[in-house]
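Student: Here it is, the structure in full.
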Amino acid sequence: MPKFAANLSMMFNERPFLERFAAAATAGFSAVEYLFPYDYPAEVVAEKLRDAGLNQALFNMPPGDWAGGDRGLASLSDRREEFESSLVKAIAYGKAIGTPLLHMMAGIAPADDPTAASCYVDNLKKAADATAEAGIGLVIEPINKRDMPGYFLNDFNRAFDLVADLDRPNVSLQFDIYHRQIMHGDVITALRQMAPRIGHIQIAAVPTRHEPMTGELNDRMIFEEIDALGYQGYVGCEYRPAGVTEDGLGWMSSI
């Protein structure tokens, strides 16, 4: 069975963020991920992680003004300096918290805009260099247009090609099964084809984004395939519980 990381931005929302670490450990998770830790001092987050005996799986670089609609900065050519500042901040937090991976969000920009594409590649190279120097991995994730309209990186093949063309040992693909099914389907074939470049996997039921094992996919078969492929990382549980988080965790023991 894969190793699961609780996504604390979506799960255990019945309590404040800093209390979710202990709740995840009590529920049986060995690792956590979340969108952003930047509302709290890095040392405080690291302490909560350590006290709960958890591993950090991943978190995102600062996205810009999330409340104002920003979804990352990497493809925004008029905000290059802000991107560079966000990269410095993400690495500082990453080193303090001890994350093995940072996710670089692409931002809202036309996918066919050559200026956005050039900016994205430039920033991907900068981020690859900086994270490698810090000893941290970097992932990029295609996100479906239904959940995030206008997101620049909205195609798995494009994301895979970007990682392959860059060919840096610390840069890989974040393979979100929920997004893959909505965008393209053919989940297991894509896992097999893209496995050499996958650095992180996430899961949620389709189409509800609730607990695994409750949607249209055969999640048990997908988990078996992940094991068969020899994937050693965590599978992030980036789903919205249908009710109280703990009440919906029976899917893990049913695998």
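Student: Any idea how far apart ALA242 and VAL121 come out in nm if each label point goes 7 Å out from Cα toward Cβ?
Tutor: Calculated label separation equals 4.5 nm.
Student: Normalised by the number of residues in the chain, what is the relative contact order in percent for Cα pairs under 8 Å and 6+ residues apart?
Tutor: 19
Student: Under the classification rounded if a/c is under 1.5, otherwise prolate if a/b is larger than b/c and oblate if not, where does the chain fall, given a ≥ b ≥ c as square roots of the Cα gyration tensor eigenvalues?
Tutor: Oblate, because a/c is 1.5 or more while a/b does not exceed b/c.
Student: Would you kindly derive the ³J(HN,Hα) couplings of the range 237-243 from the backbone phi angles with the Karplus curve 6.51 cos²θ - 1.76 cosθ + 1.60 (θ = phi - 60°), listing them in order in whole Hz, with x for Gly and Pro?
Tutor: Calculated HN-Hα couplings, in order: 8, 8, 10, 9, x, 5, x Hz.
Student: Let me ask you something else. Would you calculate, for the chain, the mean residue ellipticity at 222 nm contributed by helices, counting each DSSP H stretch of 4 or more residues as -39,500 (n - 2.57) and dividing by all residues, to the nearest 500?
Tutor: Helix-only estimate at 222 nm: -11500 deg cm²/dmol.
Student: A further question follows. Could you name the aspartates and glutamates in cross-link range of LYS89, using Cα to Cα under 14 Å and dropping any fewer than eight places away on the same chain?
Tutor: Within the straight-line limit of under 14 Å, LYS89 reaches these aspartates and glutamates: ASP39, GLU43, GLU81.
Student: Additional query: What are the ³J(HN,Hα) couplings of the range 215-229, residue after residue, when phi is run through the Karplus curve with 6.51, -1.76, 1.60 and θ = phi - 60°? Round to Hz, x for glycine and proline.
Tutor: x, 7, 8, 8, 5, 4, 5, 5, 5, 5, 5, 4, 5, 4, 6
Student: Name all residues of the range 138-154 having a backbone nitrogen under 19 Å from the label point set 7 Å from the Cα of ARG80 along its Cα→Cβ direction, giving them as ranges.
Tutor: Counting backbone N atoms under 19 Å from the label point, the list is empty.
Student: Moving on to the next point. Which of TYR40, TYR234, TYR178 moves the most in a Gaussian network model of the chain with Cα springs under 10 Å?
Tutor: TYR40
Student: Find how much the distance from LYS145 to ARG50 grows on full extension, using 0.36 nm per residue of separation minus their present alpha carbon separation; answer in nm with one decimal.
Tutor: Roughly 30.6 nm would be gained on extension.
Student: Taking the Cα centroid of the range 63-106 and of the range 177-202, what is the distance between the two, rounded to the nearest whole Å?
Tutor: Here the two parts' Cα centres lie 24 Å apart.
Student: Among all the lysines, which ones have a C-alpha under 23 Å from LYS95's C-alpha, if same-chain residues fewer than 8 places away are not counted?
Tutor: LYS3, LYS48, LYS125, LYS126
Student: Can you list residues whose amide H is under 5 Å from GLY236's amide H, if they're 5+ apart or on another chain and H is modeled 1.01 Å from N?
Tutor: ALA5, ILE201, GLN202, ILE203
Student: Please state the relative contact order of the range 1-119 as a whole percent: Cα pairs under 8 Å, 6+ residues apart?
Tutor: Averaging sequence separation for qualifying contacts and normalising by length gives 23 percent for the range 1-119.
Student: What spacing in nm lies between the two simple spin-label points modelled at MET252 and GLU43, each 7 Å away from Cα in the Cβ direction?
Tutor: 3.1
Read the figures in this text as sums done on the coordinates, not as results from a lab. Note that the coordinates shown come from a computational prediction; the quantities given were computed from them, not determined experimentally. Don't worry about glycine lacking a Cβ; one is built from the backbone with ideal geometry, like all the others, and counts go over all protein chains shown.
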